[in-house]
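Everything on this sheet refers to the single structure shown next.
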Amino acid sequence: MEEAPPAEAVAVRRALELLQLNDPVLRVQAARDIRRLTKTSHRCRRHLRQAVSPLVSMLRVDSPDFHEPALLALLNLAVQDEKNKINIVEAGALEPIISFLKSKNPNLREYATASLLTLSASPTNKPIISACGAIPLLVNTLRDGSSQAKVDAVMALSNLSTHPDNLSIILETNATPFIVSLLKTCRKSSKIAEKCSGLIESLVGYEEGRTALTSEEGGVLAVVEVLENGTPQSREHAVGALLTMCQSDRCKYREPILREGVIPGLLELTVQGTPKSQPKARTLLQLLRESPYSRPEVEPDTLQNIVCDIISQIDGDDQSGKAKKMLAEMVQVSMEQSLRHLQQRALVCTPSDMPMTSCASEVSSK
């Protein structure tokens, strides 16, 4: 273990000693010192691992004065430290932390939510946290909590959703309306939108999730807005969610998706999306056309044919005009990208590498 500077080593030793005393005031002071020492220092988090058990015991004491300082100290100990995350759960912290989610003290509820967010980042802790009944209470926080608590709750649910058994529990709690509500109000390029759209993509893999999204006013529109304006990862989640819906029941979900003006965003994704979102966007465009079946071989399913089919069915001149304009722009971008690719190939295709005739033939065939 890395050796601490003398002053830091003294502060760490003093905090550990104070935690062992029976004096409540000194124990609270020790918790505050640990919170301060571990705020930014990975080294202090390692040196203060012995503090986990006495801090967890403070959570169990029937004294509100102990709860916040001890919880905040544990929260900082757990940040970016997998071993401390596991130690905190093994020491029995989940029972008091989850009980704090029902506290009348809004600050304590907020700190408890933040603690579950941090602890749920550990794969080891995910099934344990859900087994303790945290998910329904996190959904309650997502519905009724403060702005910060709602953000932390959705991020904690996102962490927990990656464990296979937890997704069904999230579905059972009817979390979708509250996830959609947060998604509608946040910036679509934010990390919050990324977590919300990721959760929605997972939930629409189930009929209950698809029904909940389409039943929520503005639910599909919020996903379309993320597809248009989100981060690359968010857009990937958004197109994945819409594609899953359309693949599950094209007749049921085609119109609700088209109605929200998804075509321009999909067109952009086919050219400028991530390697995962580009093929998903193309597949969704094919599903959104009037006929789900392929054209004869003499008339291949080019992107332009697919989009023109869709545009011809869209109501409203504004949306149709926007889609046509976007199609023209996408074709231009695609041509520019192809030209750059050809120029790069031409630069590396020198006489020393291969015959000039081969180079000319390769370029002209593109």
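The values are calculated or read from the model by the stated rules, or taken from the named source; none is laboratory data. As the structure is a computational prediction, the values presented were derived from the model and not from experiment. So basically every Cβ, Gly included, is an ideal-geometry build from the backbone, and we count neighbours across all protein chains shown. Please note that ligands, DNA and RNA were not included when accessible areas were found on the heavy atoms of the full protein model with its side chains. Shrake-Rupley method; radii C 1.70, N 1.55, O 1.52, S 1.80 Å.
Some notes on this structure:
- Three-way shape call for the range 209-297 based on the alpha-carbon gyration tensor, with the a/c threshold at 1.5: oblate
- Amide H partners (placed H, <5 Å) of Ser41, local residues excluded: none
- Computed with a 1.4 Å probe over protein heavy atoms only, the accessible surface of the range 59-98 comes to 41 Å² per residue.
- Packing, taken as the mean count of other beta carbons within 10 Å per residue, orders the peptides 221-228, 15-22 from highest to lowest as 221-228, 15-22.
- Rounded to whole Hz, the Karplus (6.51, -1.76, 1.60) HN-Hα couplings of the range 99-109, x for glycine and proline: 5, 5, 5, 9, 5, 7, 7, x, 5, 5, 4
- Here each label is just a point 7 Å from Cα along the line to Cβ, and for Lys83 and Gln50 those points are 1.4 nm apart.
- When Lys83, Lys102, Lys184 are compared by accessible area of protein heavy atoms, the largest-first order is Lys102, Lys83, Lys184, using a 1.4 Å probe.
- Couplings 3J(HN,Hα) of the range 18-27, computed from phi: 5, 4, 7, 7, 8, 7, x, 5, 5, 5 Hz, in residue order, whole Hz [Karplus 6.51 cos²θ - 1.76 cosθ + 1.60, θ = phi - 60°; x for Gly and Pro].
- Between His42 and Gln148, full extension at 0.36 nm per residue minus the direct alpha carbon distance yields a gain of 35.7 nm.
- Rolling a 1.4 Å probe over the protein heavy atoms of the range 72-156, with every protein chain left in place, gives an accessible area that is 51 percent carbon and sulfur.
- In sequence order, the range 61-73 has phi-based couplings of 6, 7, 8, x, 5, 7, 5, 5, x, 5, 5, 5, 5 Hz under the Karplus curve 6.51 cos²θ - 1.76 cosθ + 1.60, θ = phi - 60°, and Gly or Pro positions carry x.
- Multiplying the residue separation of Gln247 and Thr231 by 0.36 nm and subtracting their alpha-carbon distance yields 3.4 nm.
- Directionally averaged shadow of the range 1-117, computed from the convex hull of its alpha-carbon atoms, nm²: 6.7
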